[in-house]
1. Can you give the extra length, in nm with one decimal, that the chain gains between Q83 and E410 once fully stretched, where that is 0.36 nm per residue apart less the Cα-Cα distance?
2. Take the alpha-carbon centre of the range 585-605, take the same for the range 396-458, and report the distance between them in whole Å.
3. Quick one: order I667, I551 from most to least accessible surface, probe 1.4 Å.
4. Roughly how many Å is it from the Cα centre of the range 101-119 to that of the range 57-71, as a whole number?
5. Find the relative contact order for the chain and round it to a whole percent, using C-alpha pairs within less than 8 Å whose residues are 6+ positions apart.
6. Please give the helix 561-570 orientation as an angle from the longest Cα principal axis of the chain, in degrees from 0 to 90, rounded to the nearest 10.
7. Restricting to DSSP loop positions (anything but H, G, I, E, B) with no more than 16 other Cβ atoms inside 10 Å of their own Cβ, which GluC sites (Glu not before Pro) remain in the range 35-120?
8. For the Cα atoms of the chain, what angle does the longest principal axis make with the long axis of helix 285-298, in degrees from 0 to 90, nearest 10?
Amino acid sequence: MQTEVLREYKLGDMVARYLIDPDSLQVGFQLLPADLPVTDEQTASFAVESLVQLKLTGDIYNEAYAGGCSMRNSESVRKLKYQDQTQEQSGHRTVIRTMMQDEDGHRVIHCLTWLEQAPYVRICCTFENGSTDACCLEMFESFSLGGLSPYMEGIGSESLRLHRIRSVWSQEGRHECIPVEDLQLEPAWDPHAVRCERFGQAGSMPVNRFFPFAVVEDSVNRVFWGAQIAHPASWQMEVYRKDRGLALSGGLADREFGHWMKNIEAGESFTTPEAIVSCAHTDSFDVFTGRLTTAGLLEGFLQAPESERDLPIIFNEYCTTWGNPSHENICEIVDAIRGKGFEYFVIDCGWYKEPDIPWDISMGDYEVSKELFPEGLDQTVQVIRDAGMVPGIWFEIENVGKAARAYQQEQHLLHKDGSVLTTYFRRFWDMCDPWVEQYLTDRVIGTLKKYGFGYMKIDYNDTIGIGCDGAESLGEGLRRNMEASVAFIEKVKREIPGIVLENCASGGHRLEPEMMSLMSMASFSDAHECEEIPIIAANLHRVIHPAQSQIWAVIRRDDSLKRIAYSVANTFLGRMGISGDVTNLSSEQWEMIESGMQFYGKIKAIIKEGQSYRFGPKIQSAREPKGWQALLRIGKNGQAYVVIHVFDGALPEQIEIELPENAPDQISAVYAYKQQDIEIRNRRICFRPEENRLSVALLLGADSDN
């Protein structure tokens with residue numbers, strides 16, 4: 001094989017490696033751990049797999065049974081020839097651009113961006129139509145890694161694995177690890193037939209079925225490669241193989257998978273969404289995913305308003321009033337929680353509802369309910385502010401309920417096949433329509449400004465599906481609409497500097513990097529009072545940063561102290577959010593909550609900057625969990641904390657958690673509903689649980705409060 005190294009760039013603990021076939025002038029890309037170099041012999045053993053994957057309509061499809069399985073390696077790719085490569089340094093940012101062009105004047109630029117010391121890179125691609133004729137893209141991915149794994153012997157039998165994160169409503173973040181042989185991604189006896197596992201989702205809920213995430217592991221050589229797609233609509237990942245090397249790519253869902261085609265006129269260009277890509281030489285999947293979620297810290301949370309820096313505690317009244325907030329009951333709630341350490345108070349859905357009409361079918365008009373707030377919202381907001389809390393409010397910006405007058409504004413709603421795009425409960429604003437932008441500016445931004453809200457919960461409770469009218473394809477209609485949604489959220493931030501935004505979509509259906517970068521935090525799930533909350537919350541450490549993960553602790557008047565401790569301990573796995581029967585709790589119940597709030601205060605710095613590790617057996621059933629789990633997070637301040645949950649089933653005689661080398665091994669604080677048989681011996685946490693449905697949290701290292 002004629003594979004040569006074009007250039008290499010050292011990027012922290014990674015190396016960006018560009019390969020070239022001197023005959024075809026095809027360019028490939030590898031991201032490698034800097035401590036595990038690849039030899040010339042290993043380089044020569046792989047064919048170049050193009051770092052750009054696209055297809056133009058009319059061009060020849062890939063051979064060998066690829067049709068319907070993958071659009072990679074089409075004639076459009078094979079016609080591209082290497083032109084040039086540049087490196088630019090601007091402050092702490094490095095940008096590497098690789099240019100390719102075909103004989104028709106189509107130019108593609110592969111752009112890699114690295115922030116100094118970041119454990120990941122961002123990759124996107126731009127297509128420029130330099131020809132005299134229009135053309136049409138029907139596939140254009142954001143990134144492609146080839147030659148996986150360069151370290152393996154032969155075809156690497158039983159060494160390569162695919163990691164994915166599945167997701168459904170109220171059970172987000174389930175991890176699966178699959179040997180590539182189980183996906184039939186072994187090469188054939190003759191390197192002829194294409195093997196491909198293409199997966200993703202089609203619609204406006206990007207975390208519906210899978211997270212936009214994929215990781216390939218070389219388990220023999222202990223190397224991981226993986227990526228997340230930053231895009232709030234249809235996306236795909238592909239694990240592709242034809243010969244010895246495996247390829248991983250992803251980006252926009254293509255024509256076959258996401259009904260997407262994009263016309264590019266002569267002289268015009270189009271840029272893909274970004275992919276966050278990393279590699280690491282490590283034994284730990286959790287360590288690797290922590291590299292990807294660091295993007296949420298550096299380019300999401302750390303860009304949030306100053307008020308967010310200390311991870312304030314949120315009170316949200318949804319699970320108190322269940323969509324029926326009023327001036328009267330909010331005043332009662334505020335009186336009950338005044339002075340207890342809450343910094344945000346969120347008025348959730350229903351503040352606009354008319355008598356006898358449910359909140360979830362009446363959103364869209366957004367006129368303050370005269371029945372619930374007879375004097376308007378001014379007095380209510382002032383009560384919240386007088387209690388020392390930032391007032392927040394709920395909006396579902398992009399959708400309208402069937403009982404709202406806005407539901408009849410058909411000319412301003414999305415259409416599909418010429419008819420208004422309708423689900424059983426909702427329709428969708430055409431976010432590209434200037435009339436809609438002005439309407440939402442008046443109703444949403446106007447309301448926020450009028451009452452001085454400093455926090456907005458942005459919900460989204462249905463999906464458009466494969467797409468909508470208004471563009472050259474349904475998928476492009478969807479992409480444009482979601483692009484306009486992002487632009488409106490950015491307008492909110494411009495119009496109201498310092499506003500705190502919460503990303504919610506039926507809980508966790510929008511936990512993807514672009515939406516997470518726009519907002520301070522996210523609702524982790526719609527699991528409000530379930531036993532599986534800690535399972536979901538711990539799983540999400542692998543796909544979003546815990547400083548951006550708001551977790552429900554819903555407290556009921558008949559909850560035991562054990563149950564309250566379980567609920568509150570769940571929030572240690574991210575951001576603390578409280579709701580429930582707070583006006584009817586005993587002093588003992590409040591003491592259990594407030595001691596948990598104090599413990600949360602001790603671990604905030606570790607939540608913000610740390611590395612998570614999950615311990616325990618696989619939890620097979622989320623709804624009726626058996627066994628136990630522990631989440632250890634090691635901070636950069638010499639401290640760590642661990643949260644242990646025991647579920648149903650036979651009690652383990654003893655739970656043992658071996659501490660990593662960099663974890664402190666002394667217990668300085670404990671949060672539990674009563675004293676527990678727990679200690680550290682020989683750098684192992686040893687816990688003898690005496691009952692099921694139990695939680696205990698430990699602070700390790702010196703307690704800075706003492």
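1. Length gained, Q83 through E410: 112.8 nm.
2. For the range 585-605 versus the range 396-458, the Cα centre distance is 39 Å.
3. Largest accessible area first, the list is I667, I551.
4. 24
5. Relative CO of the chain lands at 10 percent.
6. The angle comes out near 30 degrees.
7. Qualifying residues, ordered by number: E63, E103, E116.
8. That helix lies at roughly 80 degrees to the long axis.
The values are calculated or read from the model by the stated rules, or taken from the named source; none is laboratory data. In this text the structure is predicted, and so the values were computed from the model without any measurement. Every residue, glycine among them, receives a Cβ derived from its backbone with ideal geometry; neighbour counts consider all protein chains shown. These area figures cover heavy atoms from the full protein model, side chains too; ligands, DNA and RNA do not enter into them. Shrake-Rupley method; radii C 1.70, N 1.55, O 1.52, S 1.80 Å.
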